[in-house]
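Visitor: Please find one structure pasted underneath; my questions will follow.
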C-alpha cells in the first residue's frame, strides 16, 4: 500500500454505532480508513474508493468489531460518518 493519508474532517458517530461498537474498534477503523485501508468492501467498491480517495470525493469502508458486527465508515468531502449495518 502506498503511504497516503486523507483528513477525515468532522466525524459523526451514529447513536447506534456509539452504543453497539467498542470505541477502540471505531478509532482503529478511522485510522485505517484515513490511510485508504477499506476493510471488507467488495472489488468494485474498492475501485470506486481508490478513485474518490484521490479526488477528494465520497468513499466508504466496512469493518468488523471485536464481536464480529459489521460497521461502516463513510467520508464525504468534509465529514465522516460511522454507522452500523442492520
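Visitor: State which residue is nearest to residue 18 (Cα to Cα) when the search covers only the stretch 30-59 and only residues that are part of a helix (DSSP H, G or I) and touching a strand residue (DSSP E or B) at 6+ places or on another chain (Cβ under 6 Å).
Guide: 33
Visitor: Would you mind finding the one in 28, 23 that is without any contact (Cβ under 8 Å) to a residue 40 or more places away in the chain, more than 11 Å from the chain's Cα centre (by Cα) and either on the phi < 0 side of the Ramachandran plot or surrounded by 12 or more Cβ atoms within 10 Å (Cβ to Cβ) (or both)?
Guide: It is 23.
Visitor: A further question on this structure: Of the residues that sit in the stretch 60-75 and are part of a strand (DSSP E or B) and free of Cβ contacts under 8 Å to residues at least 24 places away in the same chain, which one is surrounded by the fewest Cβ atoms within 10 Å (Cβ to Cβ)?
Guide: 74
Visitor: Can you confirm whether the stretch 36-55 contains a residue that is surrounded by 17 or more Cβ atoms within 10 Å (Cβ to Cβ) and within 15 Å of residue 12 (Cα to Cα)?
Guide: no
Visitor: Further question on the same structure: Tell me, which residue of the stretch 1-29 that is touching a strand residue (DSSP E or B) at 6+ places or on another chain (Cβ under 8 Å) and more than 14 Å from residue 71 (Cα to Cα) is modelled with the lowest pLDDT?
Guide: Ranking the candidates gives 6 first.
The values are calculated or read from the model by the stated rules, or taken from the named source; none is laboratory data. The model shown is predicted, which means the values in this text are computed figures rather than measured ones. Glycine gets a Cβ as well: all are built from the backbone with ideal geometry, and neighbour counts include every protein chain shown.
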